Amino acid sequence: MSEEKRATFGGRISAVLVAAGSAVGLGNIWRFPYLAGENGGGAFLVIYLAAVLLIGFPLMISEFSLGTATRHNAVGAFRALNRRWSVVGYMGILSSALILSFYLVVAGWTAEYMVHSVTSDLVSNTDPASYVAAFESFVGHPLKPVIYALIFAVATHLIIVLGVQRGIERASKVMMPVLLLVLLVLAVNSVLMPGGMEGLKFFLKPDFSKITAETILLAVGQAFFSLSIGLGTMITYASYFKSDTSIKQTAMQVTLLDTFVAVMAGLVIFPAVFSAGIEPGSGPSLVFITLPSIFSTLPMSGFWSTIFFLLLVLAALTSTISLHESVTAYVEEEWKLSRTKAARLTTLLTGALAVVASLSLGIWKEYTICGMTFFDSLDYLTANILLPLGAFLTCLFVGWKFDRTLFERQLYPNGIPGREYPLLRFMIRYICPIILFVIFSDNLGLI
Ligand code: TRP
């Protein structure tokens, strides 16, 4: 597609909103709290924040610059600049499809919880053990979670075929401010719960004796997952930015907003976890058993849980849209298919994988890969291997191969580099790849 004909988002504010819509999602509210809970609370938070600042932010700028410089999907962007590096783009498209597959399953759970909030049977009980049992029987059910995941896939599909601008932009605009407000109310409520201070301490007071090399990899992987970087999603999105969009500001605002939501989610979850006597290391079920127990203590519990799960569904939807969009844009532009056909292929493939991922938590539990269910292995492979690897290669490319003046022109359209530029470039060329390399080799047992 020629540059003039390509869709663009409405302007600077919209660029922030859609990129934030991609970043803010289940990664912040479901994945971050459960990983922090399993890996030492405060210590995990500190490493996570360091990873966001030192590696996440420079990488988001790098991906944005590749998108605005080339105006292509992830594969097309690398190919336009240096053919040999298009393999990084392919890796990104593959990882997007894999992430989307298990993400749809979790998104389906949030939809199911929303429905049960409306009918009020979610919050009718106050015993944490009953929430655990309810969650387990739900995710292991052979049909229900599969149907919800497929409904989610179809909803994503419909928004994608409606087109970039109308669909994605509109969805992101309404949701973000409301989400922030509700999280704020819930965080205040949680901190005031009896015993809530214990949870606050767990989340905010680092105990570094709990840190291992694997914890660091998990925190870095989570930073990438949460910011939607490492696999070219932000390349595709930036290719739709208007030419006067400031990359630096957008990246800064998206990073801040995304991190704020994750920290708020921690402030909602951990005080309640300790107050209700839930195990912080419960794993992926953590928020799904903690949230109902928060809502059951509130006046108008059904109302709060409905609003919250509705927002979660929308936050998940703007993230599934971005994952879907990066695959669809690739198929559409590189395979020269119509947008509808490209979207249909993406939906069919990821929908089918989502069914397998969902069943792997129930009737297909005994089929494992390296001791993990198919669901867990998709999560592990993408967040802890493909994302950091993609991020590493993207840094190397932008730092060492990408034409320096072209890069500068993306960042500083008026031709005057900001004061932060030397530091930023140094981070992208040296600090980010070195940190990533060390973490990787350490986890593979090479050093
Ligand atoms: N960042 C999203 C979340 O936190 C998930 C996501 C959307 C993503 N697009 C991505 C993760 C691209 C990695 C890469 O829920």
Subject >> Relative contact order (percent, whole number), the range 93-243, Cα cutoff 8 Å, 6+ residue spacing >> reply: 27
Subject >> Projected label distance in nm at Phe437 and Asp403, using a 7 Å step from Cα toward the beta-carbon >> reply: 2.7
**OP:** Just need the relative contact order of the range 153-305 here, percent rounded to a whole number, with Cα pairs under 8 Å and 6+ apart.
**Re:** 34
**OP:** For the chain, return all DSSP H helices satisfying: extent of Cα atoms along own axis at least 15 Å; mean Kyte-Doolittle hydropathy at least -1.0.
**Re:** 12-23, 57-70, 86-118, 128-139, 144-162, 170-191, 213-227, 247-276, 301-334, 339-359, 432-443
Original post:
So if R0 is 30 Å, what FRET efficiency would Leu49 and Arg6 give, r being the distance between their Cβ atoms, rounded to the nearest 0.05?
Top reply: 0.25
**OP:** Starting from the Cα of Asp127, step 7 Å along the direction of its Cβ; do the same at Tyr421; then give the gap between the two resulting points in nm.
**Re:** 6.6
Original post:
How big is the Cα convex hull of the chain in projection, averaged over all directions, in nm²?
Top reply: 20.1
Original post:
Just going by the charge dipole of the chain, with Lys and Arg at +1 and Asp and Glu at -1 on Cβ, which of Phe437, Gly415, Phe224 is farthest out on the positive end?
Top reply: Gly415
Original post:
In the chain, how many lysine pairs have Cα atoms under 22 Å apart, counting only pairs 8 or more places apart or on different chains?
Top reply: 8
Subject >> DSSP loop chymotrypsin sites (Phe, Trp or Tyr not before Pro) with at most 13 other Cβ within 10 Å excluded, longest remaining stretch of the chain >> reply: 1-334
**OP:** Return Asp442, Asp258, Asp379 ranked ascending by Cβ neighbour count within 10 Å, so the fewest neighbours appear first.
**Re:** Asp442, Asp379, Asp258
Original post:
So, counting K/R as plus one and D/E as minus one, what does the shell of residues with Cβ under 15 Å around Phe44 add up to?
Top reply: +1
Subject >> Point-charge dipole on Cβ atoms (K/R +1, D/E -1) for the chain, about Cα centre, debye to 20 >> reply: 1440
Subject >> Relative contact order %, the chain, counting alpha carbon pairs below 8 Å whose residues are six or more apart >> reply: 35
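Each value in this text was obtained by applying a stated rule to the coordinates, not by laboratory testing. Because the structure is a prediction, the values reported are computed rather than measured. All Cβ positions, even for glycine, are placed from backbone atoms using ideal geometry, and neighbour counts span all protein chains on display.
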